[in-house]
1. Just grab the label-to-label distance for Glu61 and Arg91, each label 7 Å out from Cα along the Cβ direction, in nm (one decimal).
2. Which angle from 0 to 90°, rounded to the nearest 10, does the C-alpha axis of helix 46-58 make with the longest principal axis of the chain?
3. Find the relative contact order for the chain and round it to a whole percent, using C-alpha pairs within less than 8 Å whose residues are 6+ positions apart.
4. Which entry in (i) 52, 38, 34; (ii) 84, 58, 25; (iii) 47, 31, 30 is this structure's computed Cα extents along the principal axes in Å?
5. Starting from the Cα-Cα distance between Asp3 and Arg32, subtract it from 0.36 nm times their residue separation and give me the gain in nm to one decimal.
6. Could you size up the charge dipole of the stretch 15-143 around its Cα centre, putting +1 on the beta carbon of Lys and Arg and -1 on that of Asp and Glu, and report it in debye to the nearest 20?
7. How far is it, in nm, from the label point at Asp48 to the one at Asn19 when both lie 7 Å from their Cα along the line to the Cβ?
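Values in this text are rule-based calculations from the coordinates and carry no lab data. Everything numeric here is computed off the predicted structure, so don't read it as measured data. Note that we place each Cβ from the backbone using ideal geometry, even for glycine, and neighbour counts take in every protein chain shown.
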Amino acid sequence: MADLPRHPVAVAAAVTDDNGLVLALRRPEDGRWEPPGGMLEIGETVPDGLRREVREETGLEVAPVRLGAVYQNTTTGTIVLTFRCRVLGGRLTVNDEASEFRWMTPDEVRERMPEIFAGRILDALADVEAPVRLHDGRRLTARL
């Protein structure tokens, strides 16, 4: 069988609290606010990768509640699955991937995060069928 092209797959988590706030972390390399998340490892399931990425970046143990959206970067081919998650335990811990944490309202997410990251969180918070969105790495280009 010929080698098939591979699309990198990543996960992102909209971690919510009991007050409707969502967790954001600040990336130390550029100061941007983003949801926790990252690339799946080969052989790793989506739920396992989601839990691992959140634990590595925040110190929290989470459970996925629902799929929020599917994003495809048409420039790189990366597919990002965004999930709404609830906290099971752990403690927020600053590390190499997160220099600061903040619990934000949806309006703060819109104001403080780049469009692509804000959209992922807002889609995960919405109680609608998970949309599929295309983007170019900076801006949304289509919703399917």
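1. My value for the distance between the label points is 1.5 nm.
2. 40
3. After rounding, I find 29 percent.
4. Correct label, based on the coordinates given: (iii).
5. Here the answer is 6.8 nm.
6. Its charge dipole is roughly 260 debye.
7. Using points 7 Å along Cα→Cβ, the separation is 3.6 nm.
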